[in-house]
Each structure stands twice: as structure tokens, then as C-alpha cells.
Amino acid sequence: MAVPRFLAELAAWVAAPWALAPHSVPLAVLAVVVLVGLPTVFATPGDKASVIVAVPGYVTVALVLLQLAAAVAASWAAWPPPVAVAVTALCAAVVVFEVPRWRWLLTERRNARV
């Protein structure tokens, strides 16, 4: 189920700077750094093979939600409505597919280990 999540992340990585660049190029660059960098650096042990900075599961869930929100909001700001509708539907599907992973990430035992 990682493919839909990756596609939604990719949409966020492209749409956010696309939507922000006409207003501020530094802000567009910062958006990419945040959307790509934070999930790369911060991860929950057991969820990723390589963890740079270990964080509780709720941080990983929050980072996924941040990416999904960025994908939806930026796609509506940057792209034609049919594309934004497709991105929104993809992000809704990701939420449905992610529920079991999120439950696992949010268990008390998992969060106590970090």
C-alpha cells in the first residue's frame, strides 16, 4: 500500500512549490525541503529500515497528514480542477489505506519505545 502514499507525496512535492513559486521562490524551496526533508530525517523505528532521528508513531502519522494536506491544497491552487480532483481522490484513498499502519504506529507500546 506504499504506492498510493508515494504518489500522494510526489503530488505534494510538485504541487506545493508550483503553487508557491509565483509568490515566493524561497518559500517554494522551503516547502520542498520540509515535505521531503522532515520524513527523511524523522521516522518511527520499525516503520522504516533506516532511521536517522527516532520519533514516536504519532509524529510519523502527522508527517503523512502534512503531506496529504499539502498535496490537496497545493493541487487546487496550482492545477486545473480535474487534476486537483484526482489528487484529492488519491489522498482520500491514502487515508483509507493508511488506517491499519496508523493504528500500528499509534499503539502505546510502539510509542513507549522511542
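Quick check, is Thr60 touching a strand residue (DSSP E or B) at 6+ places or on another chain (Cβ under 9 Å) and either under 20 Å from Glu98 (Cα atoms) or crowded, with 18+ Cβ neighbours inside 10 Å (or both)? So Thr60 passes the test. Taking region 14-37 as the range and being touching a residue at least 24 places away in the same chain (Cβ under 8 Å) and open to solvent by 60 Å² or more (accessible area, probe 1.4 Å) as the test, only Trp18 passes.
Could you say whether any residue in region 71-94 is in contact (Cβ under 8 Å) with a residue 60 or more places away in the chain and open to solvent by 60 Å² or more (accessible area, probe 1.4 Å)?
The first filter runs over region 71-94 and keeps only residues in contact (Cβ under 8 Å) with a residue 60 or more places away in the chain, leaving 71, 74-75, 77-79, 87, 90-91, 93-94.
Checking the rest, the ones that are also open to solvent by 60 Å² or more (accessible area, probe 1.4 Å) come to 77.
Checked region 71-94: at least one residue is in contact (Cβ under 8 Å) with a residue 60 or more places away in the chain and open to solvent by 60 Å² or more (accessible area, probe 1.4 Å).
Number of residues in region 41-54 that are surrounded by 14 or more Cβ atoms within 10 Å (Cβ to Cβ) and under 26 Å from Leu20 (Cβ atoms): the value is 2. Of all residues in region 45-77, exactly one satisfies the criterion of being within 23 Å of Ala92 (Cβ to Cβ) and outside any helix (DSSP H, G or I), namely Asp47.
The values are calculated or read from the model by the stated rules, or taken from the named source; none is laboratory data. These numbers come from a predicted model, not from an experiment. A quick note on method: Cβ atoms are made from the backbone with ideal geometry, for glycine too, and the neighbour counts reach across all protein chains shown. Surface areas here come from the heavy atoms of the whole protein model, side chains and all, with no ligands, DNA or RNA. Shrake-Rupley method; radii C 1.70, N 1.55, O 1.52, S 1.80 Å.
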